[in-house]
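Structure first, then comments.
The values are calculated or read from the model by the stated rules, or taken from the named source; none is laboratory data. Bear in mind the structure is a predicted one, so any value in this text is a computation, not a measurement. Backbone-built Cβ (ideal geometry, glycine too); neighbour counts: all protein chains shown. Side chains included, ligands, DNA and RNA excluded: accessible areas come from the protein's heavy atoms. Shrake-Rupley method; radii C 1.70, N 1.55, O 1.52, S 1.80 Å.
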Amino acid sequence: QKRVLTPFKQRLTTEFIAKEIGWRTGHDLIFAACAHMHIVDEVSSWDLDMIDNEIKEASYYYKPFYSTNLKDYLQYLMKNDKMHITDNSKYAFTPATVNYLEERLTEERLKKRL
């Protein structure tokens, strides 16, 4: 059964999230891609292929070396307590990151910019 996205979630693209969090580097785009999968797709852990495919969807920000250096960017995010490795060897946000996203990317808070 296909999920129906709310108009808010339809507009909450990886590119929009990247812009909203102040995209500057590959790890920002990877963070935004994972935030998109977490909030919109409702998937809370991701393997490398899922993350790589999602960053490529953000064509405005994507650069091929982001894919080449994906593991390094993920290491950076883990070192900075944004993500961790789950029991099933996937990447996931830390509880603090989930709280941050739930506060920052709400429909109410973004209403003026969407």
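Structure notes:
- Protein accessible area in the chain, 1.4 Å probe - carbon and sulfur %: 49 percent
- Euclidean distance between Cα centres, the stretch 1-57 to the stretch 63-97, Å: 14 Å
- Converting phi to 3J(HN,Hα) with the Karplus coefficients 6.51, -1.76 and 1.60 and the offset θ = phi - 60°, the stretch 24-40 yields 9, 9, x, 5, 5, 5, 5, 4, 5, 4, 5, 4, 4, 5, 5, 7, 7 Hz in sequence order, with x at every glycine or proline.
- FRET efficiency for Lys90 and Lys63, using Cβ-Cβ distance with R0 set to 25 Å, rounded to 0.05: 0.55
- Rounded accessible area per residue of the chain, 1.4 Å, Å²: 61 Å²
- In this structure, the pairs whose alpha-carbon distance is over 28 Å, taken from Lys90/Lys112; Lys9/Lys90; Lys9/Lys82; Lys9/Lys63; Lys19/Lys82, are Lys90/Lys112.
- In degrees, nearest ten, helix 48-57 long axis to first principal axis of the chain (Cα): 50 degrees
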